[in-house]
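What follows is a single structure, written as C-alpha cells, with notes after it.
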Amino acid sequence: MNREEHSFLAEETVEEASRIFKALGDPTRIRMLYLLSQEECSVNHIAEVLGLTQSAVSHQLSFLRNLRLVKYRREGNSFYYTYDDEHVVSILKQVINHIEHE
C-alpha cells in the first residue's frame, strides 16, 4: 500500500487513546474499574473493599471521571460511582480473560 491508501487517526484521537491506556496502566485504577463494572459503589465502599484511603479513592475517581470512564450520582452527602463507558470495561474484561485463559 502507498501512503495515500492508508487511513490515519486524528491526533486528538491518538492522544485520548493514550490517556485511556495510561489510566488502564495503573493497578489501583484497574481494581476500581473492575469493581465498578460489578456494582455502583460509594467512595467509602470502594475505600473499604480495596483497602485505600478515601482521599486516594477520590483522587483516582477524579482522574477516571476526567476521562469519562466513570460517572457519579449524589445522594445526600454521599457520591455513588459506576463505570461510564461499556467499551473500556469490555477492553478491561477482555484483557482479564486473555490473562486467565489457559
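Here are some notes:
- Within region 29-55, the set of residues being in contact (Cβ under 8 Å) with a residue 24 or more places away in the chain and either open to solvent by less than 40 Å² (accessible area, probe 1.4 Å) or farther than 25 Å from ARG74 by Cβ (or both) comprises ARG29, ILE30, MET32, LEU33, LEU36, SER37, CYS41, SER42, VAL43, ILE46.
- In region 76-86, the residues that are at pLDDT 95 or above and either β-branched (Val, Ile, Thr) or exposed (fewer than 10 other Cβ atoms within 10 Å of the Cβ) (or both): THR82
- Region 87-102, residues that are under 14 Å from the mean Cα position of the chain (by Cα) and either under 22 Å from SER42 (Cβ atoms) or not in a helix (DSSP H, G or I) (or both): VAL88, VAL89, LEU92
The values are calculated or read from the model by the stated rules, or taken from the named source; none is laboratory data. Treat the numbers as computed from the prediction; the structure is a model and nothing was measured. Note that each Cβ is placed from the backbone with ideal geometry, even for glycine, and that neighbours are counted across all protein chains shown. Note: accessible area is taken over every heavy atom of the protein model, side chains too, but ligands, DNA and RNA are not part of it. Shrake-Rupley method; radii C 1.70, N 1.55, O 1.52, S 1.80 Å.
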